[in-house]
Amino acid sequence: MVENSSLPPSLVSIRRVNATYLVARDHPASVSVRAQLDDVVRRDVAAACARRFGPLSDDADPSVWFVRHLAVDISVNAAWTPERLSEAWAAEVTRSLNRRLRHGDDGEEVLRFPNRAVWRAQFLCDLADGVAWSIRYYDSLLCLWSLAVHAAIG
């Protein structure tokens, strides 16, 4: 397989965010606080994370990492601007991710492939074995799911 040169050298993808907000019981607008924070997460946090991760990544390192779960605890003030909220969130995501990656590949929660070619080769082996679609780190390839195995491999 030929490497896709349209992909940036460093890429971080956040698949899903599950957020729990703790707001004072007597807060007059707790529902709007949740809506505001959800909107910031949807609209601004990914870009803020990209700005933070960019300087930390080594574009000479071709490795591919998958982190199953990243717990982030953050305290914010709902009166902050969306920019300040997203930057605070991204700072904590960066800290948590760095802690997880420092412990390295554990084969379950954190998985590292030396490069995309090795990841793709493992996908082809798992596809041939009939187990690829049950493995979480192939989620980005689900567009191939409806193809016959020989077509997906080709």
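The values are calculated or read from the model by the stated rules, or taken from the named source; none is laboratory data. The structure presented is a predicted model; accordingly, all values stated were derived computationally and were not measured. All Cβ positions, even for glycine, are placed from backbone atoms using ideal geometry, and neighbour counts span all protein chains on display.
Things worth noting here:
- Hey, Ala47 loosely packed, with under 14 Cβ neighbours inside 10 Å, outside the structural domain of Val149 (by TED's automatic domain parsing), of a type in the set (A, V, I, L, M, F, W, C) and out of contact with any Asp or Glu (no Cβ under 6 Å at 6 or more places or on another chain) or not: yes
- Subset of the stretch 11-44 [surrounded by 15 or more Cβ atoms within 10 Å (Cβ to Cβ) and modelled with pLDDT under 80]: Val12
- Restricting attention to the stretch 101-139, the residues that are among the hydrophobic types (A, V, I, L, M, F, W, C), loosely packed, with under 13 Cβ neighbours inside 10 Å and either in contact (Cβ under 8 Å) with a residue 40 or more places away in the chain or assigned to a loop (DSSP other than H, G, I, E, B) (or both) total 1.
- Residue check, Trp145 under 30 Å from Arg51 (Cα atoms) and among the aromatic types (Phe, Trp, Tyr): no
- Within the stretch 47-100, the residues that satisfy the criterion of being among the small types (Gly, Ala, Ser) and either part of a helix (DSSP H, G or I) or more than 21 Å from Arg112 (Cα to Cα) (or both) are Ala47, Ala48, Ala50, Gly54, Ser75, Ala78, Ala79, Ser86, Ala88, Ala90, Ala91, Ser96.
- Matching entry among Ala71, Ala78 (being among the aliphatic types (A, V, I, L, M), loosely packed, with under 13 Cβ neighbours inside 10 Å and within 18 Å of Val17 (Cβ to Cβ)): Ala71
- Among the conditions (1) within 14 Å of the chain's Cα centre (by Cα); (2) over 26 Å from Thr20 (Cβ atoms), Pro114 misses just one, which is (1).
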